[in-house]
1. Please list the non-local residues whose amide H lies under 5 Å from the amide H of Ser210, H modeled 1.01 Å from N, same-chain partners needing a gap of 5 or more.
2. Taking the Cα centre of the chain as the origin, how large is its charge dipole in debye, to the nearest 20, when only Lys and Arg (+1) and Asp and Glu (-1) carry charge on their Cβ atoms?
3. What shape does segment 1-153 have by the C-alpha gyration tensor, where a ≥ b ≥ c are the square roots of the eigenvalues, rounded means a/c under 1.5, and otherwise prolate means a/b greater than b/c and oblate the rest?
4. Report, in degrees rounded to the nearest 10, the 0 to 90 angle that the Cα long axis of helix 64-76 makes with the longest principal axis of the chain.
5. Determine the share of the chain's accessible area contributed by carbon and sulfur atoms, expressed in whole percent, with a 1.4 angstrom probe.
6. Using DSSP to define loop residues, name the GluC sites (Glu not before Pro) in segment 56-151 whose beta-carbon has at most 12 other beta-carbon atoms within 10 Å.
7. Within segment 213-259, how many Lys pairs that are eight or more residues apart, or on different chains, come under 29 Å at the alpha-carbon?
8. Measure nothing but the geometry: give the 0 to 90° angle between the long axis through the Cα atoms of 19-29 and the longest principal axis through the Cα atoms of the chain, rounded to 10°.
Amino acid sequence: MQEHLKVAFFQTDLVWEDAKANRKNFKEKFQELPSDVDLIIFPEMFTTGFTMNAETMAETMDGKSVEWMKKQALEYDIALMGSLIIKENDKFYNRMIFTFPDGYIVAYDKRHTFSLAGEDKVFEAGKEKVIIEYKGWKICPLICYDLRFPVWSRNTADYDMVVYVANWPKPRIAAWDALLKARAIENMCYCIGVNRIGIDEKQNEYCGHSAVYDVLGNNITPLRPNKEQIEILTLEKKHIEYYRNKLKFLNDKDSFTIE
């Protein structure tokens, strides 16, 4: 078990529907990272932007972007996570890919497809919640619109951190800020939200507001909105354990089954 986990996440613009250009941009940013980072987090659909053009932009699990993630993980001895458009069994998924340093992959498919943008008409909704165990930390991976549905993220697995990757637009950024904080407080965990910046081809504007909230709901990140930044934070197991043992709020959680 590792008591500390050093996490880096990229708040950045994305090149619309150009996976090669986005991979190149992220690769260049790797040079700015210290050698002891454990995990890198990219935004939602980090190779394409939030496009509904799945037929053209989808890759497979043995495609270039997944192979690129595996290559970076092996080269830098680091884990990476971010979502991609994946085609599998003739269906499209907004899929979070978590790549371990040895190239092993765990995947999570976005449960709540964003009907306001027609995502539900293009992408298959995920059916399973996933908990990733990495260096003694239990991580719950979720994607953008999942943030609005607290039942799905409820901490019934004693996870240590929940991660939301997103293309969350500026007009609704107040909801993003409030809900990230709420997810940290109600689940007594670190809550990480990684959002993009810039304006996409649909003229949607994104202002970032990427953040890490601790167990008490404190924002422990100094990121500024609308600015391309790499944030590196060291998370501490003792912070989680101390407040869970002291306050014991999770002991009083309701029991339920999701159908």
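The values are calculated or read from the model by the stated rules, or taken from the named source; none is laboratory data. In this text, all values refer to a predicted model and were calculated from it rather than measured experimentally. Cβ coordinates were reconstructed from backbone atoms using ideal geometry, including for glycine residues, and neighbour counts include every protein chain displayed. Note: areas computed on protein heavy atoms with side chains; ligands, DNA, RNA excluded. Shrake-Rupley method; radii C 1.70, N 1.55, O 1.52, S 1.80 Å.
1. The answer is Asn195.
2. Values: 35 positive and 40 negative charges, 98 e Å.
The dipole of the chain has a size of about 460 debye.
3. Working: a/c = 1.76, a/b = 1.27, b/c = 1.38.
It comes out oblate by the Cα gyration axes.
4. Tilt of helix 64-76: around 50 degrees.
5. Numbers: 5580 of 11690 Å².
Taking all protein chains in place, the chain shows 48 percent carbon and sulfur surface.
6. Numbers: sites: Glu59, Glu67, Glu75, Glu88, Glu119, Glu124, Glu128, Glu133; in loops: Glu124, Glu128.
Hits after loop and neighbour filter: Glu128.
7. Details: Lys237/Lys246; Lys237/Lys248; Lys237/Lys253; Lys238/Lys246; Lys238/Lys248; Lys238/Lys253.
So the count of such lysine pairs works out to 6.
8. Tilt of helix 19-29: around 50 degrees.
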